[in-house]
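First the structure, in the form of structure tokens, and then the observations on it.
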Amino acid sequence: MAIVQNTTRVVDPPIDQHEFLRQPMTRGEKLVFQLFDRLLSPEWEIYVQPHLNGLRPDFVILNPNVGIGVYEVKDWNLDAMKYHVEGYPSGYQELRATHRGETFTVENPFEKIRRYKDEIYNIYCPRLRQKAGYGAITAGVIFPFADAARIMELQRPFLNEKEQKKAKTYWPVAGESEIKTDDINAILPLLNREANAPQLMFPALAADLRSWLVEPDFAREQRRPLELDRNQRNLAETRTKSGLRRIKGPAGSGKSLVLAARAASLINEGKEVLIVTFNMTLWHYLRDLVVRDVKSAGNSSQLTFRHFHKWCGEVCCDEEYNTGYADDYAEIMKPIAKIKAMELGALEEARMLRPILPAILNDKVPALATLAAKHPNAKRYDAILVDEGQDYLPHWWNALRNALRDNGEMLLVADATQDVYGTAKSWTDLSMKGAGFEGGSWATLDVSYRLPPDAHPVVRDFADRFLPIETCDIPDPDQQDMDFFPCDLRWIQCDEQDAMRQCVNAILAMMRQTGKAGLANADITFLTDNIDFGKEVVDELETYRVRSAHTFAREKAEQNRRKMAFFMGDARVKATTLHSFKGWEARLLVIHIGHATGQTDLASIYAALTRLRRSQEGSHLTVVCTAPKLADFGAGWPVHEDASTGFTGS
């Protein structure tokens, strides 16, 4: 289990990491933690701000043989504002506050703990004894700087008559006095249970809950400085004489890591940095990498993220810079606007846009942005860093060069093997010279620090079978610690009509694995090559009360909104497309492959397979495939199953 213990107690995240939490603990929360840690016996596990399927209580405490406590802590000063409960004819009630004559709704901790308790009982510990098992969960609110009696008056309207009679037992409230006098029995009434009372909680039930409580791998990583080898560090801390640098390397070799470290180094020097991606979902991942090496959080304001076409629109049209190209931009985009104004369905709109988009977005818009970026009023940067450069065309890069300040620097990182848009072939030696790379060669990264050792042969086999040799760049495995990264690889070949059920079952099976291994469900990521199929899967997961942070939407505006909200720190299971996850990584992956017809399909599948991240706690990858072309390839996996025949082999 990936948990550090405080002496004999399980504390997650560990105590020495509390000052580095992304959401710092308040003064009141620190007092409550210290009380729990000091007064509870070592059998009680303490989880701080756990990722609970989209919910984030302040504390969950767990004793596998006694029960569960879930708490909201509020540092409110009840004298600073006047709090009251307002009821409506419908029966709905809300918590309100009045300050300086203004009344407004405030976050309701009493309703939050009810939701926590209900979901723990119904979803995360479904094997608790019916009805009686509800009593194994204490849901409390703690106001460390207020009087408990005043808090109880606010709580009372949110309890029914029966609950009010047993509020101290099942819905406890604690205030300043209970904290100061160490009244742990009032805070956790489960401790008052009689010795001969029926046992409601058991270790097996606790295991059901832990996979929702354990801190995700990604959240732990966020507190660590970036780790680079000597070659990566040299690239991240130096610049070329011209200021232009190009780096190539296979999946998992640390290209994005170098880009992020270079960005952090420049930001620490006070420079303005623009990071440009083709895929907007990559922003959160890159930002999370950059901030790990930024010395002052305030310096992050010097970092700007844009996807390429967003930058084109801004440099042409932004009133702040007034480059004078807004009318020309509108004229170029008019055919797109005309189709969108027809208010067609998402599929029909996409069908009509498909033939006109390449000429507009690949050529006309970048050409106009090139002119606009040369205007004296255009926004310029000290450094421009381009990730996933194989997705770009050379004249896009040249457009961006005009946004660079004198003596600035630019970085291009690329992996031609992940050529999911068919653009990598545009980067010829001639185009490289036209892009400013007059001499020298690519800086290279060869070793993959991402893939588990057992996954390397699988990835290499796929590349050898299906990818063009002229653009194929397969990573060398890291020779150190080869035996310390266990990996579970599973291939399921099935019929198309069975694919959704197989994907849902694979995700649920992985959740059961995480519970046994002490891993976090929030680290599970589902990838597919089809938006509609992905939506079916996440909708089916909802019937099992499993929520997903996903990007599946047909309407472009809604799809973009979801992409901007997609990040690995989300407390839910993740779900997105193969394209949208390119550049990311995860240790728990379920991948659906529906098509494997053209080279771009195969490049996308390769990119998806290489998203698997090694971990000493273990990595898991399950592929559900309906493409007959890949059946023989899947048959060579360590564990493979043909769902149509029921055959399973290993």
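Which residue, of Leu289, Leu188, is of a type outside the set (S, T, N, Q) and under 24 Å from the mean Cα position of the chain (by Cα)?
Going through Leu289, Leu188 in turn, the sole match is Leu289.
Among the residues of the range 531-543, write down those that are touching a strand residue (DSSP E or B) at 6+ places or on another chain (Cβ under 9 Å) and open to solvent by less than 50 Å² (accessible area, probe 1.4 Å).
Hits for the range 531-543 are Ile531, Phe533, Gly534, Val537, Val538, Leu541.
Given the residues Gly87, Gly54, which is the only one that is touching a strand residue (DSSP E or B) at 6+ places or on another chain (Cβ under 6 Å), surrounded by fewer than 16 Cβ atoms within 10 Å (Cβ to Cβ) and at pLDDT below 90?
So the residue among Gly87, Gly54 that is touching a strand residue (DSSP E or B) at 6+ places or on another chain (Cβ under 6 Å), surrounded by fewer than 16 Cβ atoms within 10 Å (Cβ to Cβ) and at pLDDT below 90 is Gly87.
Scanning for something farther than 20 Å from Ile142 by Cα, in contact (Cβ under 8 Å) with a residue 24 or more places away in the chain and in contact with a strand residue (DSSP E or B) (Cβ under 6 Å, 6 or more places away or on another chain), does the range 35-42 turn up at least one residue?
yes
Mind checking which pairs have a first residue in the range 450-470 that is under 18 Å from Lys582 (Cβ atoms) and a second that is of a type in the set (Lys, Arg) and open to solvent by 90 Å² or more (accessible area, probe 1.4 Å), Cβ under 9 Å, 6 or more apart or different chains?
Phe466/Lys629
Residue pairs, Cβ under 7 Å, 6 or more apart or interchain, first in the range 307-327 and β-branched (Val, Ile, Thr), second open to solvent by less than 50 Å² (accessible area, probe 1.4 Å) and outside any loop (DSSP other than H, G, I, E, B). List them.
Val315/Ala369; Val315/Ala372; Val315/Ala373; Thr323/Val315; Thr323/Cys316; Thr323/Ala372
Could you list, in sequence order, all residues of the range 415-440 that are open to solvent by less than 10 Å² (accessible area, probe 1.4 Å) and either closer than 18 Å to Arg239 by Cα or not in a loop (DSSP other than H, G, I, E, B) (or both)? Show your work before the answer.
Within the range 415-440, the subset open to solvent by less than 10 Å² (accessible area, probe 1.4 Å) is 415, 417-418, 420, 432, 435.
Answer for the range 415-440, where residues must be open to solvent by less than 10 Å² (accessible area, probe 1.4 Å) and either closer than 18 Å to Arg239 by Cα or not in a loop (DSSP other than H, G, I, E, B) (or both): Thr417, Gln418, Met432, Ala435.
Here are the criteria: (1) touching a strand residue (DSSP E or B) at 6+ places or on another chain (Cβ under 6 Å); (2) open to solvent by less than 40 Å² (accessible area, probe 1.4 Å); (3) modelled with pLDDT of 85 or more; (4) closer than 20 Å to Val365 by Cβ. Tell me which single one Arg306 does not satisfy.
For Arg306, the failing item is (2).
Yes/no per residue for (1) charged (D, E, K, R); (2) out of contact with any strand residue (DSSP E or B) (no Cβ under 7 Å at 6 or more places or on another chain); (3) closer than 18 Å to Val504 by Cα:
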site	(1), (2), (3)
Arg554	yes, yes, no
Lys563	yes, yes, no
Phe566	no, no, no
Thr576	no, no, yes
Ile593	no, no, yes
Asp601	yes, yes, no
Ser615	no, yes, no
Val623	no, no, yes
Trp637	no, no, no
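Could you go through the range 564-578 and let me know if any residue there is in a loop (DSSP other than H, G, I, E, B) and basic (Lys, Arg). Reasoning before the result, please.
Looking only at the range 564-578, we keep the residues that are in a loop (DSSP other than H, G, I, E, B), and these are 565-572, 578.
Then drop every residue that is not basic (Lys, Arg), which leaves 572.
Yes; the residues of the range 564-578 include at least one that is in a loop (DSSP other than H, G, I, E, B) and basic (Lys, Arg).
Considering only residues that are part of a loop (DSSP other than H, G, I, E, B) and either open to solvent by 10 Å² or more (accessible area, probe 1.4 Å) or among the hydrophobic types (A, V, I, L, M, F, W, C) (or both), which ones fall in the range 591-614?
Gly594, His595, Ala596, Thr597, Gly598, Arg613, Arg614
The values are calculated or read from the model by the stated rules, or taken from the named source; none is laboratory data. Predicted, not measured: the structure shown is a model, and the values here were computed from it. Counting neighbours? That spans all protein chains shown, and the Cβs are built from the backbone with ideal geometry, glycine included. Remember, those area values only see protein heavy atoms, side chains included, never the ligands or the DNA or RNA. Shrake-Rupley method; radii C 1.70, N 1.55, O 1.52, S 1.80 Å.
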